[in-house]
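For reference, the structure discussed in these notes is given below.
The values are calculated or read from the model by the stated rules, or taken from the named source; none is laboratory data. Keep in mind that what you see is a predicted model, and the values were worked out from it rather than measured. Cβ: placed from backbone, ideal geometry, glycine included. Neighbour counts: every protein chain shown. Heavy atoms of the whole protein, side chains included, go into the accessibility calculation; ligands, DNA and RNA do not. Shrake-Rupley method; radii C 1.70, N 1.55, O 1.52, S 1.80 Å.
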Amino acid sequence: MGQDLAQISPLAEQFSRRARLEDLARGRDRHRVLETRRARRPLRLLWLLTGPGLLAMLGENDGPSMVSYATTGATYGVGFFVPFILLTFVMAFAVQEMTVRLGAATHRGHAELIFARFGPFWGYLAMADLVVGNLLTLVTEFIAIQAGGLYFGAPAPVSVGIGALVVIASLALRRYATWERAVMIFAAFNLLFVPAALFAHPDGAALARALATWRPLQGGFSVAFVTLAMANIGATVTPWMIFFQQSAVVDKGLTVADLPQGRIETALGAVVAAVAAIATIVATAPLFAAGIDVSKFVSGPDFASALRPLIGSTGATLFALGVLEAGLVAAMTITTSSAYAFGETLRAGHSLNLDFTEGRLFYGAAIVSTLAAAGVVLIPGAPLLAMTLTVNVIATLMMAPALLLLLLLANDREIMGRLANGRFANLIGGTIVVAITAVGAIYGLVVVFPGLLGN
Amino acid sequence: MSDQSRWLEALEPDQFVAATETPLPRRKLSRGVLVLLIALRIYVFITAPIVVYAFVRALLTP
């Protein structure tokens, strides 16, 4: 087929070369998977198929998310929000599992499916949500990198410049599998929040009590409570994760036979990310106990500085490093999510298996968005604090239409066949859409009518 | 058989780039689905300015 196309025009020849490059790289990875399956080595098989789910979940434990969890711990201590965050990760798993099925069943990215099945009108609206959400989130990742750098004495242009360089350099790996493993190494450092939490000498009984009773909830329902609840939902389920994981599943080459491993690695990602999120709350709970006002803190390292006298300099340094890592990993995954969606929308090459010539639009979108986001952070006087707090709220609001499109696609028997959603998946998915829409509506009401909750 | 042939054989037929270039047919949206899509779009258009308002208010608060 490639040779036939090549005879038609130079454009077709170019397509043929790109297709062959991509097919060969993906086929090489698939060959290894098939050999491992034949050899009946389940753990090695799981290792080979691990990546998209783990990176989506740990990528979402990003700069603004860690600030949200830190603000939660410092404002409410160990209580209601510990089981609440656990619940949000159950939600995240339910959502992301659908993307694994969609990717394995159709071998097409999320943006591509929305355009194909719903047409350009709904496609461009979904893309507008994604572009705005991703760009704003990417800016906040560089805020985290910059603030992390400042904690260690690096000037903003240096840390932001190095951060942008690492993100762009990761794209130069030119193989999906290599990129994935490189980002996974960085993502493992998300667990730095666990030793940081141990330095806070957590009360195990209080943690268990909070998990069992969803209490205490200091101050009851208030604007701050609703904003934090929204920010914590936005810290766990966001549109970029849907687009990223489905495209990564396709780029990695997962098939229907790989669904069990795809589900396990997504669940594993959710568990690891939930542990890091709860560890962040536990690590910052001493600020709540000491009555420190964190409302003017700009970023994670501000929390680290405030924590130093309470949990010691080692704990605080681990915390600051964790926030820096969170920003860096998320910058890599969000950039890739934007690039996948851009390539799929323009029907241009969209794979990390392509070289720069064949995937210039794909890599171009990633590089331009990285440089733009890094540039915004370096603007003197940019409202970094307000942006960081607002980004997760925006992500939550945009999640409702994104989830509806996901549910419709997952129910589409023409493309999904027997892998279409069952009644249980629809019940969970529908409940999540209603819950997210309701929390967003309550947020709108309490912002417009601040006296509504009586405080 | 060469390595490259073996690798290409490991791919399912609909995994080849050429196969994924085939356009999928457009889905016919029912009235109920359209109402839901439009309702959530209106929801975003109403709530987004509220977030912008809250953002600006946070900036102006000393």
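Assorted remarks:
- Reported to the nearest whole Å, the Cα centre-to-centre distance from region A:227-257 to chain B is 11.
- Accessible area per residue, Å², region A:244-300 with all protein chains present, probe 1.4 Å: 29
- This model, with +1 at the C-beta of Lys and Arg and -1 at the C-beta of Asp and Glu, gives chain B a dipole about its Cα centre of some 680 debye.
- Computed magnitude of the charge dipole of chain A (debye, nearest 20; Cβ of K, R +1, Cβ of D, E -1): 1040
- Rounded to the nearest 10 degrees, the angle from helix A:259-289 to the longest Cα principal axis of chain A is 20 degrees.
- Equivalent ellipsoid semi-axes, region A:316-455, via Cα gyration tensor eigenvalues times 5, rooted, Å: 30, 29, 14
- Region A:30-71: trypsin sites (Lys or Arg not before Pro) in DSSP loop, at most 14 other beta carbons within 10 Å: A:ARG40
- The Rg/Rh ratio for region A:367-450, using Cα coordinates for both the radius of gyration and the Kirkwood hydrodynamic radius, is 1.16.
- Stretching the chain fully between A:ARG38 and A:ASP293 yields a gain of 86.0 nm (0.36 nm per residue, less the alpha carbon separation).
- Couplings 3J(HN,Hα) for region A:367-377, derived from phi with the Karplus relation 6.51 cos²θ - 1.76 cosθ + 1.60 (θ = phi - 60°), are 5, 4, 5, 5, 5, 5, 5, 5, x, 4, 5 Hz, where x marks Gly and Pro.
- In Hz, Karplus ³J(HN,Hα) per residue of region A:162-179 (6.51, -1.76, 1.60; θ = phi - 60°; x = Gly, Pro): 5, x, 4, 5, 5, 4, 5, 5, 5, 6, 6, 5, 6, 9, 4, 4, 5, 4
- For region A:314-387, relative contact order (Cα pairs under 8 Å, six or more residues apart, normalised by length) works out to 24 percent.
- Buried solvent-accessible surface, both chains (B, A), 1.4 Å probe, Å² to nearest 100: 4400
- For chain B, adding -39500 (n - 2.57) for each run of n ≥ 4 DSSP H residues and dividing by the number of residues yields -21000 deg cm²/dmol at 222 nm.
- Only Cα pairs under 8 Å and 6+ residues apart enter the sum, and on that basis the relative contact order of region A:187-296 stands at 70 percent.
- Kirkwood's formula applied to the C-alpha pairs of region A:154-200 gives a hydrodynamic radius of 12.6 angstrom.
- Here each label is just a point 7 Å from Cα along the line to Cβ, and for A:THR357 and A:ALA257 those points are 3.5 nm apart.
- Carbon-plus-sulfur accessible fraction, the protein assembly as shown (probe radius 1.4 Å, protein heavy atoms only): 70%.
- Across the options A:GLY109, A:ILE379, A:LEU21, the greatest Cα extent toward the positive end of the charge dipole of chain A (unit charges at beta carbon of Lys, Arg, Asp, Glu) belongs to A:LEU21.
- With Cα atoms defining each centre, region A:42-121 and region A:161-225 are spaced 13 Å apart in the structure.
- Fraction in percent of alpha-carbon pairs per bin - 5 Å, region A:304-395: 3, 12, 14, 17, 16, 13, 11, 6, 4, 3, 1
- Given R0 = 56 Å, the distance between the Cβ atoms of B:ARG57 and B:SER2 translates into a calculated FRET efficiency of 0.30.
- Chain A: relative contact order as a whole-number percent, Cα under 8 Å and 6+ apart: 33
- Helix A:120-151 and the longest principal axis of the Cα set of chain A meet at an angle near 50°.
- C-alpha long axis of helix A:300-346 to longest principal axis of chain A, angle in °: 30
- Computed [θ] at 222 nm, helices only, for chain A once each DSSP H run of length n ≥ 4 contributes -39500 (n - 2.57): -26500 deg cm²/dmol
- Projected-area mean, region A:50-453, by convex hull of Cα positions, square nanometres: 18.5
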